[in-house]
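Engineer: What follows is a structure written as structure tokens; I'll ask about it next.
The values are calculated or read from the model by the stated rules, or taken from the named source; none is laboratory data. Since the structure is predicted, the reported quantities are computational estimates derived from the model, not experimental observations. Virtual Cβ from ideal backbone geometry, glycine too; neighbours counted across all protein chains shown.
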Amino acid sequence: MLRWLMITLLVLGVFLLILLALGLLLTKNEQDTRALIEQLAIDNAQQLVLPQEQSSVTLPADTPPQINGTAQRQQEIISKNLTCVDNKQCQLIRLSLNPCPIAINLIGAQLIKKYNRVNESFSSANCSDSNNVIEAVCINNLCEIK
């Protein structure tokens, strides 16, 4: 009888030791998971802020610092319509105040054509990439010039 009692206590002790080890592993895994979730949340917040910083539209240095109503409206339309999912959604436009092309999504291009005058001729005399063939592409969900 004493022998069966010792075997039962030994089996229960091993079982409790296994449960304790599993509990420690679970606690460590939970701490690592929480740290990873916090890091991913920080990374996602930084990625949300980063496209907003990249989407700021700046006019070339040779334009006057005063912005009239038309140019301000063009800047607002451009800054709100840079997002895309596919290259087919991006289009090159040239504004009447800026001889260089700007990449914008189709919605923004239609709004600018509707409300403002757009240069249809693509002469890039003052642009830095005047000799290269340029196209509008979707990179990181933003329309950009390639």
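Engineer: Out of everything in region 43-84 that is of a type in the set (A, V, I, L, M) and exposed (fewer than 10 other Cβ atoms within 10 Å of the Cβ), what residue ends up being modelled with the highest pLDDT?
Structural biologist: 48
Engineer: Restricting to region 101-121, and then to whatever is at pLDDT 80 or above and surrounded by fewer than 20 Cβ atoms within 10 Å (Cβ to Cβ), can you tell me which residue is farthest from residue 134 (Cα to Cα)?
Structural biologist: It comes out as 114.
Engineer: State whether one or more residues within region 91-104 are part of a helix (DSSP H, G or I), small (Gly, Ala, Ser) and closer than 19 Å to residue 141 by Cα.
Structural biologist: Looking for residues that are part of a helix (DSSP H, G or I), small (Gly, Ala, Ser) and closer than 19 Å to residue 141 by Cα, one finds none in region 91-104, hence no.
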